[in-house]
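Beneath this line is the structure, given in structure tokens, with notes to follow.
Every read-out reported here was derived from the displayed coordinates using simple, explicitly stated rules and does not represent laboratory data. This structure is a prediction, so every number in the text was calculated from the model and none was measured. A quick note on method: Cβ atoms are made from the backbone with ideal geometry, for glycine too, and the neighbour counts reach across all protein chains shown.
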Amino acid sequence: EISVTTNGSKTTIKAGNPTIKRLGVANYTIREIIVAPDGKTGVVLIEKLEKNEHGSTIRYMVETYRLP
């Protein structure tokens, strides 16, 4: 869950589903969360650790969302 507090009001958003497992993905790690100056847009930098026959690879993804 991601929670943002603005002017004393807390908004919580469920991000992702921990029960979903993707083939070849060993782990996801949230590296950074940024909220835009308008307080309505969030950006999440996610590190994805993939395992395959050649070893491990780290890739990065960016997810954006609008706060209600």
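Given R0 = 35 Å, the distance between the Cβ atoms of Asn52 and Ile30 translates into a calculated FRET efficiency of 0.95.
Net charge dipole, the chain: roughly 160 debye, given to the nearest 20, about the Cα centre with Cβ charges of +1 for Lys and Arg and -1 for Asp and Glu. Distances between placed amide hydrogens fall under 5 Å for Lys40 paired with no residue 5 or more residues away or on another chain. Pick the calculated Rg and Dmax of the Cα atoms in Å for this structure from (1) 12.0, 34; (2) 11.1, 32; (3) 14.7, 50? Answer by label: (3).
From most to least packed by mean Cβ count within 10 Å, the peptides 56-67, 33-44 give 33-44, 56-67.
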